[in-house]
Amino acid sequence: MTLVAGVDSSTQSCKVVVRDTETGALVRQGRAAHPEGTEVDPEAWWTALGEAVARAGGLDDVAAVSVAAQQHGMVCLDESGNVVRKALLWNDTRSARAAVDLVDELGGPAKWAEAVGSVPVASFTVSKLRWLAEHEPDNARRTVSVCLPHDWLTWRLGGASGEIATDRGDASGTGYWSPAAGEYRTDLLQAALGSVPGLPRVLGPRESAGELRARPGGTDAAAPARGPALLAPGTGDNMAAALGVGARPGDVVVSIGTSGTAFAVAERPNADPTGAVAGFADATGRFLPLVCTLNAARVLDAAARLLGVDLDRLGELALSAPAGAGGLVCVPYLEGERTPNLPDATGSLHGLTLATSTPAHLARAAVEGMLCHLADAFDALGLDPARVLLIGGGARSEAVRRIAPAVFGRPVLVPEPGEYVADGAARQAAWLLAGGDEPPAWETGRAGRYEADAVPEIRTRYAEARHQG
Ligand SMILES: Nc1ncnc2c1ncn2[C@@H]1O[C@H](COP(=O)(O)OP(=O)(O)O)[C@@H](O)[C@H]1O
Ligand SMILES: O=C(CO)[C@@H](O)[C@H](O)COP(=O)(O)O
């Protein structure tokens, strides 16, 4: 049996799956937590990867490894290859002003959409680099190369020597690589940072990033008898999720992780001048229009904490309250927001009365508010998909699964709980070994279908509350 490993180095944790190349069957897996916060020393990702790999039984018997990771994070390296400062993550909003300035300087959002398929907000790497130039000029001067979390981890796995590589999917989240042209826009990088540092080479969907030379968190890998494992190009976590869940044109995937995302596989690049839809590339040579929110599964974590219950109990409470929570509405902008672009927003509760001041109503309002927010993201894509697939940690909640179709006004499919980002990375690694025009056809497991009568008042009341601020 030939094995491959897929990694998901996401915001809250690192997950590793080891799968059989032929069938895709799960052989073993492991995970480890990441530190809290919106700026993180990349070394912490390396340590967590080491722990997750150890829990997944190591990498000595795998033939290829692929790393998928949270998108956009700014990793700046000095001339010795050391990180210049902690990485600023996708959900760090300090670069919001820098994004506004960049948009103005180029002549407005439509110019950015035309140039790179997306309009920068605080999340994009290009905005973070402008922030760095303005607020930490010494660090900006010491920066000789810039890369993303998955690029950096793959480079470390390759022994931290030689060139850094990325892929189309992750490059498309920088704000200085054009998915339509397949080229860096170094003019935009120059305008943001005041210089053009070294950039990762952009690999094709099944082009190798080198060989596994280092064991994360520990000593150099002992070369197995048959030679070192290959490193796949890796990609951003949403692109890997699309691969892992087997998304095809005609599907919309809604992911409820730290971020909320709604995305679709497309044959052509897109350029939304409103900035709501980011025009990303995917991991197969296609495109991945995507809407991202800053607030998703952690809205449930926050509600559970407020109520002093665990997530299972939160779900039970939510299901025990009436649809619409008796008029109690939660607008869940707990970390500011990205779509809509309100980086300084805070969350709010509307419609509190004596009758709605119960744990059940509050739990229901949190679930419904999070789902309304995701339904707005789904609508922004402007698609009428044949299938809506719900994935991510939040989709493990029975309450979320059962309330989602009432809010979305259509049935949703929930694939078996799993690590779809890490699975997608593993599938990319298997593709690297197998060759061919398309990734290997792995069974993706059965999906549960959830249906409910639409309750349009939930979204009507949410829209009213959202506009009240
Ligand atoms: N049974 C559950 N019910 C509700 N939420 C859950 C459950 N299990 C996990 N989660 C949520 O999943 C989130 C993590 O999702 P995940 O997709 O792993 O995030 P990320 O990949 O961004 O790190 C946590 O914030 C947690 O609230
Ligand atoms: O910024 C985006 C997409 O543009 C986020 O989706 C990040 O890629 C983080 O993902 P998770 O850790 O929530 O999976």
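The values are calculated or read from the model by the stated rules, or taken from the named source; none is laboratory data. The model shown is predicted, which means the values in this text are computed figures rather than measured ones. Cβ coordinates were reconstructed from backbone atoms using ideal geometry, including for glycine residues, and neighbour counts include every protein chain displayed.
Below is a table of values for the structure above.
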| quantity | calculated |
| --- | --- |
| Criterion violated by T284 - all others in (1) β-branched (V, I, T); (2) within 16 Å of ligand 2 (Cβ to nearest atom); (3) outside any strand (DSSP E or B) satisfied | (2) |
| Count of residues meeting criterion [closer than 19 Å to G158 by Cα and either within 18 Å of the chain's Cα centre (by Cα) or of a type in the set (V, I, T) (or both)] in the range 18-43 | 2 |
| Those residues of the range 379-398 which are assigned to a helix (DSSP H, G or I), away from ligand 2 (no atom under 15 Å from the Cβ) and in contact (Cβ under 8 Å) with a residue 12 or more places away in the chain, in sequence order | E398 |
| Residues within the range 399-428 that are part of a helix (DSSP H, G or I), under 22 Å from L294 (Cα atoms) and within 14 Å of ligand 1 (Cβ to nearest atom), tallied | 8 |
| The listed residue being assigned to a loop (DSSP other than H, G, I, E, B), at pLDDT 95 or above, surrounded by 18 or more Cβ atoms within 10 Å (Cβ to Cβ) and in contact with a helix residue (DSSP H, G or I) (Cβ under 9 Å, 6 or more places away or on another chain), out of A303, A276, A262 | A276 |
| Any chance V367 is in contact (Cβ under 8 Å) with a residue 24 or more places away in the chain, assigned to a helix (DSSP H, G or I) and either surrounded by fewer than 20 Cβ atoms within 10 Å (Cβ to Cβ) or β-branched (V, I, T) (or both) | yes |
| Among residues of the range 448-469, those that are at negative phi and surrounded by fewer than 17 Cβ atoms within 10 Å (Cβ to Cβ), counted | 12 |
| When residues of the range 4-14 are limited to those that are buried (at least 24 other Cβ atoms within 10 Å of the Cβ) and under 17 Å from the mean Cα position of the chain (by Cα), the one nearest to ligand 1 (Cβ to nearest atom) | S10 |
| Filter pass, S123 being in contact with a Cys (Cβ under 9 Å, 6 or more places away or on another chain) and either surrounded by fewer than 24 Cβ atoms within 10 Å (Cβ to Cβ) or without any contact (Cβ under 8 Å) to a residue 60 or more places away in the chain (or both) | no |
| Residue that is in contact with a Pro (Cβ under 8 Å, 6 or more places away or on another chain) and at positive phi, where the choices are G117, G107 | G117 |
| Residue check for A56: within 16 Å of ligand 2 (Cβ to nearest atom), surrounded by 20 or more Cβ atoms within 10 Å (Cβ to Cβ) and under 23 Å from R156 (Cβ atoms) | no |
| Options A32, A69, A64, A52: the member that is in contact (Cβ under 8 Å) with a residue 60 or more places away in the chain, of a type in the set (A, V, I, L, M) and within 13 Å of ligand 1 (Cβ to nearest atom) | A69 |
| Tally, over the range 1-51, of residues that are within 16 Å of ligand 2 (Cβ to nearest atom) and of a type in the set (V, I, T) | 6 |
| Residue match in the range 219-228 (condition: under 15 Å from H72 (Cβ atoms), buried (at least 18 other Cβ atoms within 10 Å of the Cβ) and more than 16 Å from ligand 2 (Cβ to nearest atom)) | no |
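Yes/no per residue for (1) touching a residue at least 60 places away in the same chain (Cβ under 8 Å); (2) closer than 16 Å to Q190 by Cα; (3) of a type outside the set (S, T, N, Q):
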| position | (1), (2), (3) |
| --- | --- |
| N82 | no, no, no |
| D92 | no, no, yes |
| D101 | no, yes, yes |
| A110 | yes, no, yes |
| S118 | yes, no, no |
| S127 | yes, yes, no |
| E134 | no, yes, yes |
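Quick grid of which residues meet (1) over 14 Å from L328 (Cβ atoms); (2) in contact with a strand residue (DSSP E or B) (Cβ under 7 Å, 6 or more places away or on another chain); (3) modelled with pLDDT of 95 or more:
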residue	(1), (2), (3)
G351	no, yes, yes
P359	no, no, yes
R364	no, no, yes
G369	no, yes, yes
L374	yes, yes, yes
A380	yes, yes, yes
D384	yes, no, yes
E398	yes, no, yes
